[in-house]
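Report on the following structure.
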Amino acid sequence: MRIGISMASSYTVKDVRKGARRMIERAKAAAEAGLDSLFVGDHHASPSPYYQNTPILARMLAEWRAAPAGALYLLPFRHPVLLAEEIATLAAIAPGRFIMQAALGYGDREFAAFGINPRHRPSRFEESLEVMRRLWAGETVSHQGRWQIQAAQISPTPPEKIEVWIAAQAEPAIERAARLGDGWVAAPSLTPAKARQDLERYLGYCAKHGREPGVTALRRDIYVGESQPEAEATAGKIVAAGYRGFAPEATIVGDAETVAGAFADLAQLGFTDILIRNLVPDQDKALACLARLAKVKTLIG
């Protein structure tokens, strides 16, 4: 079981430099705790500060270690030639392996801002992924479809293969992850029972397409407290108030031993990676939670 972080990119701050600084501090804390991977997300046209993934990740990599890092990209919004170049550059900066997480995107506001028909999401996603993989392989690419591309090539190309983990919750998207991805990222809102069902779907589609299952990662909103009472006092009330509309069992709150036990249970279900998200927004609490994950990693071995 590997433990990584899917870091929040949205911060309600008056001074926008403060939000960026919080992300950099959290990346350093995650590195010091020995976490196994570092990721940031992707959203656009946000009404509150949301730090865009390519530039903020490039800065955060200065605080990271030689472990995998990457970002989620909503492929329908991204021109594949430009994104292939950006990711190749990030892969050259990163001291370890670079992983692109990819998803379809959702939300009328974002699609309206880009002038994109949401019905074109699947075709834009698949075409973009195909074009980028060919560019990363050093090919000269022409393409006629959602994008019109003539004799494109990029340099530098990535120093090693870019892994692609596809985030998916709806059944057609899970099938797409099995068919096209090197891994699957499950939704953070899933209860353990639903996570098991979706994992079985993913494995079934891998078998259907004759592919070996890849990484199976589950995002989890967590808080590791200095003790069980402190964890309940700090984060339990947030969960009880209806945190993000999640079922309480889709979150993990407790001391290091409790959190390690919950992670072990998810490993028993068949998940290879847990990507934690800080449940408590307070910066000092978030940094302390990250530091305690070092003990969690020791407990789960």
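The values are calculated or read from the model by the stated rules, or taken from the named source; none is laboratory data. On a predicted model such as this, the values are computed, not experimentally measured, just so you know. Counting neighbours? That spans all protein chains shown, and the Cβs are built from the backbone with ideal geometry, glycine included.
Residues being buried (at least 21 other Cβ atoms within 10 Å of the Cβ) and either under 13 Å from A8 (Cβ atoms) or touching a helix residue (DSSP H, G or I) at 6+ places or on another chain (Cβ under 9 Å) (or both): count how many of those fall in the stretch 267-279. Adding up the residues that qualify gives 6. For the stretch 60-97, a tally of residues being over 21 Å from A45 (Cα atoms), touching a residue at least 60 places away in the same chain (Cβ under 8 Å) and part of a helix (DSSP H, G or I) returns 8.
Here is the figure for the stretch 256-301: residues that are among the polar types (S, T, N, Q) and touching a Ser or Thr at 6+ places or on another chain (Cβ under 9 Å) total 1. Among the residues of the stretch 87-114, just one is among the acidic types (D, E) and surrounded by 18 or more Cβ atoms within 10 Å (Cβ to Cβ), namely E110. Of all residues in the stretch 1-53, those satisfying the criterion of being in a loop (DSSP other than H, G, I, E, B), of a type in the set (A, V, I, L, M, F, W, C) and in contact with a strand residue (DSSP E or B) (Cβ under 7 Å, 6 or more places away or on another chain) are M1, A8, L35. Only a single criterion out of (1) assigned to a loop (DSSP other than H, G, I, E, B); (2) among the β-branched types (V, I, T); (3) within 24 Å of D273 (Cβ to Cβ) is not satisfied by I56, namely (1). When R176, R196 are checked against the criterion of being modelled with pLDDT of 95 or more and touching a helix residue (DSSP H, G or I) at 6+ places or on another chain (Cβ under 7 Å), a single residue qualifies: R196. The numbered conditions (1) modelled with pLDDT of 95 or more; (2) farther than 30 Å from L279 by Cα; (3) surrounded by fewer than 16 Cβ atoms within 10 Å (Cβ to Cβ) are all true for R119 except (1). Inside the stretch 108-140, residues that are touching a residue at least 40 places away in the same chain (Cβ under 8 Å) and not in a helix (DSSP H, G or I) make up a count of 1.
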